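The values are calculated or read from the model by the stated rules, or taken from the named source; none is laboratory data. Just so it is clear, the model here is predicted, and its values are computed rather than measured. We place every Cβ from the backbone using ideal geometry, glycine too, and count neighbours over all the protein chains shown.
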Amino acid sequence: MKYQKTVLKNGLQIITSARPEIETVSLGIWVNTGSAYETSDQNGISHFIEHMVFKGTQKRNTLQISEDIENVGGQTNAYTSREFTAFYAKMLKKDIELAIDVIADFIVAPTFDAAEMAKEKEVVIQEIKQGIDTPDDAVFDYFQEDAFKNLPLGRTILGPESNIKKFNADALRRYMKSHYGADNMVVVAVGNLDHDIFVKMVEERLGNYQNKASFSIEPQEYVGGFTYQKRDIEQIHLLLGFKGVNYKSQMYYPVSVFSTIFGGGMSSRLFQEIREKRGLVYTVYSFTNSHTLGGLFGIYAGTTAEELNQLIPVAADEIKKICQEKVTDKELDRAKTQLKASMLMALESSSSTAEVIARQTLIHQRIIDTDEVIARVDAVSKEDIQKAAQMLFTSNPTYTLLGNVNQYPSYEDLKKTLKF
């Protein structure tokens, strides 16, 4: 991946990757903050700021923001995660200056109008309620809360309704002042553009932005635990979790390859044993969520009340097998190929490439070359896979159930079932 990088005097990093063969540019500003960096009283504020900047800046009201972008056929959006907030756009190459003007305004000149804020609070509250009413969303929030009990990583990204109602413009500005530092964000553009011209565009709009990050982050240790949320629905949503790895762990790539072998597709062990051979589920997979502050490995299954008590022992048996026996050469090669292909396919998209550049810069303070990533994946051995499995499954489990079931294994019974 070829790229150019400039750092402004205020510490803001600007990175571009030129693709002269396409007619568009994907660009954005990524901020290294999210719900994991909020206090309990602030929980939800990162996401609320993401909403509110679209409700007006000193140059444009909410309609003008939409019209200016859509009048030239562009797209703009934003997202908030536990550790990142991003504002991004995709435009034809001739409209790149308009795009960076709009997005830079989100950072330097949001108005946080009181009337717009009152309306947007209702919108976010509806979003919170929609998440609660969506079982396969809600179960992951309960799961995260169990895994990181009473810690920022365990809180929802949207925050509680009570917090949303009390946020005001001053609170939003204070949070942006302490978290939206020029030294805590990166501007990335990928597509048909000239680096020096783009740097000049950014410098004109953000070169005098003097905010410096001035917040602290508490340690976030995995805990584990159990939640059963009774819902009058047909399916049982099951999550089993274990302590995972952070982005910088030496086990990051072994755990990624392990998860692919264990539950990363139709040829994975979980899918073949639980769905194909036994028909106990419609959906089953494993996943690994890494953060700067910690990590979480999980297994998700959607099943019925009748099948649940059969499913858990079968999953436990698969866990024991992969911990005690080395995987085959065929499994290892297939998982590595899956991971590498997924990464290379993603890099064909300018938007995905911009995302990768931004995240790597904020997490690792450098861009990891594609060849280096491939080499790290290729270096994972069968012994590394067994080591990853034994490391993951010795931690205290997280056990989360959502649905309508009267009989299910207790948390203590689950721990006994998993013991080997």
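In the range 306-410, counting only helices (runs of 4 or more DSSP H) that sit wholly within it, the ones holding 1 or more residues that are buried (at least 20 other Cβ atoms within 10 Å of the Cβ) and among the small types (Gly, Ala, Ser) span 329-346, 350-364, 382-392.
Taking into account only those residues within the range 234-273 that are outside any loop (DSSP other than H, G, I, E, B) and without any contact (Cβ under 8 Å) to a residue 40 or more places away in the chain, which is farthest from the chain's Cα centre (by Cα)?
The extreme case among them is 272.
Restricting attention to the range 25-56, the residues being buried (at least 21 other Cβ atoms within 10 Å of the Cβ) and either closer than 21 Å to residue 98 by Cα or outside the structural domain of residue 158 (by TED's automatic domain parsing) (or both) number 11.
Of all residues being part of a helix (DSSP H, G or I) and not charged (D, E, K, R) in the range 144-153, which is surrounded by the fewest Cβ atoms within 10 Å (Cβ to Cβ)? Just the residue, please. If you could, list the steps in order and put the result at the bottom.
As a first pass, look at the range 144-153 and keep what is part of a helix (DSSP H, G or I): 144-147, 152-153.
Filter once more, so that each one left must be not charged (D, E, K, R): 144, 147, 152-153.
Working: 144: 25, 147: 30, 152: 21, 153: 25.
Selected residue: 152.
The residues of the range 183-217 that are among the small types (Gly, Ala, Ser) and either free of Cβ contacts under 8 Å to residues at least 12 places away in the same chain or under 16 Å from residue 83 (Cα atoms) (or both), listed by number, are 213, 214, 216.
What's the number of the condition residue 156 fails, among (1) over 21 Å from residue 84 (Cβ atoms); (2) in contact (Cβ under 8 Å) with a residue 60 or more places away in the chain? Residue 156 satisfies all of (1) over 21 Å from residue 84 (Cβ atoms); (2) in contact (Cβ under 8 Å) with a residue 60 or more places away in the chain except (1). Residues in the range 302-315 include none that are at pLDDT 95 or above, under 24 Å from the mean Cα position of the chain (by Cα) and of a type in the set (A, V, I, L, M).
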